[in-house]
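Just below is one structure, and these are the notes that go with it.
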Amino acid sequence: MRRILLVMAAVSFLFSACSGNGSGGGGKKLIIFHAGSLSVPVKELSEAFMKDNPGVTVLTEAAGSLHTARKITELGKPCDIMLSADHFVVSSMLVPDYASWNIHFATNEIVIAYRTESKYSSVFREDNWADILLKDDIIMGRADPDADPCGYRTVFAAKLAEEYYDRPGLADSLLAKNTEYIRPKEVDLVALVSAGVIDYMFQYKSVAIQHGFKFLELPDGINLSSPLMADSYAAVSYMIPGDAPGIRTEVQGDYISYSGTVLDRAPQKELALKFFGFMLSEEGAGIIRRCGQDPLIPAVADDPDAVPASLRKYMAAVKAK
């Protein structure tokens, strides 16, 4: 009998530990699917939000933005908030069937990141980066353009560089090199560079900053950072996988704009709107800025009229492109 009581006490203790506020079965759980490049800011936003909202657990899941959207549209996985590295993903894959609005909240830029120990790093400059990346003894990595916006933005950057430097064939040469080091999302490249497996990677500036890499900033005509150059960026494009096997959809070049939404069937819709408002607030924008990205203040919506009333105070009065 004493042994049985001890076992029952142990089970009771484990049950109570697993059902406490914020870490187990108790309280409310908010589910956020997000782009891999948002892993650090989403983690910090979530920790701050949970501190201000005892009993709430924020569950996050990172993937390439295209794969993230397909978890919702094809797999039917429960989700409250979707945060994408490209506004195009939300507007084309989630609105209007899965969500009613799309808010742009941050920007970024494409850079080439590396370590001090990377080959030729001491002479890696804006006027010779392409030649160095194409050297036989250099290994470079990039994200998968079929899965991740950073991947197809790398394709855009390569094509824009070909035009910018007037070097026919440059894009094909860059994109044909080291294809075995293409990864599903840009943050998957971080460990490869850190370990010296690859020398350079096409990467978001924010991810390079977060992980302490050196990086080369490219001209605005290449790095997709300037809204003023949106028309020039639109001259390049890539065909991403569509809704059915064998079908592809064209995505045009554009300046980098991160966006997000609360799903219409969000299990915790009210709580999700509260988190989204926190992300757009002065405190949330400060967290995003500390993580190496520029928050959009005010934020911009594809359709301001569709934005919930609780979020409109953070909005610009104009529609996004």
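Readers should treat all values here as calculations from the given coordinates under stated rules, not as data from a laboratory. All of these numbers come straight from a predicted model, not from anything done at the bench. Glycine also receives a Cβ, built like all others from the backbone with ideal geometry; neighbour counts cover every protein chain displayed.
Observations on the structure shown:
- For W129, W101, order by how many other beta-carbon atoms lie within 10 Å, fewest first: W129, W101
- Stretching the chain fully between R290 and S122 yields a gain of 57.7 nm (0.36 nm per residue, less the alpha carbon separation).
- Eligible lysines near K135 by straight Cα distance, threshold 26 Å, same-chain separation 8 or greater: K119, K159, K177, K185, K205, K214
- Semi-axis lengths (Å, descending) of the ellipsoid that matches the C-alpha gyration tensor of region 228-321: 27, 19, 14
- Projecting the Cα atoms of Y165, L192, S237 onto the charge dipole of region 110-250 (Cβ charges, centred on the Cα centre) puts L192 farthest toward the positive pole.
- Peptides 216-229, 197-210, 136-149 ranked from most to least packed by the mean count of surrounding Cβ atoms within 10 Å: 197-210, 136-149, 216-229.
- Size of electric dipole in region 110-250: Cβ of Lys, Arg +1 and of Asp, Glu -1, about Cα centre, debye, nearest 20: 340 debye
- Its residues counted as N, the chain yields a C-alpha radius of gyration over 2.2 N^0.38 Å of 1.10.
- Radius 10 Å from Cβ of R70, net charge of other residues (Lys, Arg +1; Asp, Glu -1): 0
- A Förster radius of 30 Å, combined with the Cβ-Cβ distance separating D52 from A176, puts the computed FRET efficiency at roughly 0.05.
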